[in-house]
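As structure tokens, the structure follows; a few thoughts come after it.
Every number in this text was worked out from the coordinates using simple rules, so none of it is lab data. Because the structure is predicted, anything quoted here is derived from the model rather than measured. For neighbour counting, all protein chains shown are included, and Cβ atoms are generated from backbone atoms with ideal geometry for every residue, glycine included.
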Amino acid sequence: MISRSTALRFILAPALALTLAGCGAPLSAHWQGLPGKAPSEQGAATESPEVTGTPEGPDCAEVKCVALTFDDGPGPYTESLLDVMEKHNAKASFFLIGKDVAKYPEVVREELANGHEIGNHTWSHQDLAKLSPAAAQRELRKADEAIKQATGAAPTLMRPPYGTITESLKKAQPVPVVLWSDDTLDWKTRNTKKTVKAAEDIKPGSIVLMHDIHKSTVDAVPKILEDLGAQGYHFVTVSQLIGQPKPGVGYETGQKPGTKK
Ligand SMILES: [Zn+2]
């Protein structure tokens, strides 16, 4: 006899997050949302939306800023990356894989303690656009729980693996959804020099995609920080770069000098 497993059921809360996502969406034409796959049921978050406050740091509408972002960690090289970042007083954003958080909980706590920002990159790096709405929400909420368990705080950003997410799932997120403007392809080249070159080919306001699970990437970071620092760049978190990103809204760039309202 087969009994229905209640463990597989996912309770959907009222679409609270949707009410917070009604402002003008600053999405650029490059956004890769997949509106054709909208689920019939809006999978809103079960958690209270974490509204990102005014982040401290340089005013990126007045000075040159870049947001370095590291996906797929934590991993064996993340701690040495944190040391390098601290030496340069540089902040970054880490998009974490939920199932790996428990392997390096102290590293994840250090990320937060050092002033970096933590984002949800799902529990097991699945393509959310290919999952059912309920399964996609489970991937996200399970990662939220792992991060909360390690740090005591919920992630303040989300980045979907492969940059793919349905429009309705994006709108239902309790945090801003962040893609990137500059892909270093570090995961593909696994080459420190090429990663440096790609990461330095940016503009103020860029969100740079890298992966701290590769040694070649972590080895590239000291030179990136030195060179871009010499060009006057400030290394900030995604929320600092954007200002006050809104839950359920997608972003792939931030503020640049001369854009003060
Ligand atoms: Zn990833």
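So which helices (runs of 4 or more DSSP H) are wholly in region 60-145 and hold at least 2 residues that are polar (S, T, N, Q)?
Once the helices (runs of 4 or more DSSP H) in region 60-145 are filtered for at least 2 residues that are polar (S, T, N, Q), what remains is 78-87.
Could you grab the pairs with beta carbons closer than 7 Å, sequence gap of 6+ or different chains, first residue in region 141-163 and touching a residue at least 24 places away in the same chain (Cβ under 8 Å), second one of a type in the set (Phe, Trp, Tyr) and within 15 Å of the ligand (Cβ to nearest atom)?
Lys142/Trp123; Ala143/Trp123; Arg159/Phe95
Which one is farthest from the ligand (Cβ to nearest atom), of the residues in region 160-169 that are touching a helix residue (DSSP H, G or I) at 6+ places or on another chain (Cβ under 9 Å) and under 27 Å from Trp187 (Cα atoms)?
Result: Glu167.
Restricting attention to region 94-128, report how many residues are under 21 Å from Lys171 (Cβ atoms) and in contact with a strand residue (DSSP E or B) (Cβ under 6 Å, 6 or more places away or on another chain).
Here the count works out to 5.
Please find, within region 109-130, the residue that is surrounded by the most Cβ atoms within 10 Å (Cβ to Cβ) out of those that are within 19 Å of Val238 (Cβ to Cβ) and out of contact with any Asp or Glu (no Cβ under 9 Å at 6 or more places or on another chain).
Leu112
Restricted to region 62-121, and to residues that are small (Gly, Ala, Ser) and without any contact (Cβ under 8 Å) to a residue 60 or more places away in the chain, which residue is nearest to the ligand (Cβ to nearest atom)?
Restricting to residues being small (Gly, Ala, Ser) and without any contact (Cβ under 8 Å) to a residue 60 or more places away in the chain, the top hit is Gly98.
Can you say whether Pro257 is touching a residue at least 24 places away in the same chain (Cβ under 8 Å) and in a loop (DSSP other than H, G, I, E, B), as far as the supplied structure shows?
yes
Kindly evaluate Gln149 against the criterion of being within 16 Å of the ligand (Cβ to nearest atom), surrounded by fewer than 21 Cβ atoms within 10 Å (Cβ to Cβ), of a type in the set (S, T, N, Q) and farther than 30 Å from Asp227 by Cα.
no
Working only within region 146-170, note down all residues that are in a helix (DSSP H, G or I), more than 14 Å from His121 (Cβ to Cβ) and not aliphatic (A, V, I, L, M).
The answer is Lys148, Gln149, Thr151, Glu167, Ser168, Lys170.
Within region 240-248, can one find any residue that is in a loop (DSSP other than H, G, I, E, B), on the phi > 0 side of the Ramachandran plot and either buried (at least 24 other Cβ atoms within 10 Å of the Cβ) or without any contact (Cβ under 8 Å) to a residue 12 or more places away in the chain (or both)?
Yes, region 240-248 contains at least one residue that is in a loop (DSSP other than H, G, I, E, B), on the phi > 0 side of the Ramachandran plot and either buried (at least 24 other Cβ atoms within 10 Å of the Cβ) or without any contact (Cβ under 8 Å) to a residue 12 or more places away in the chain (or both).
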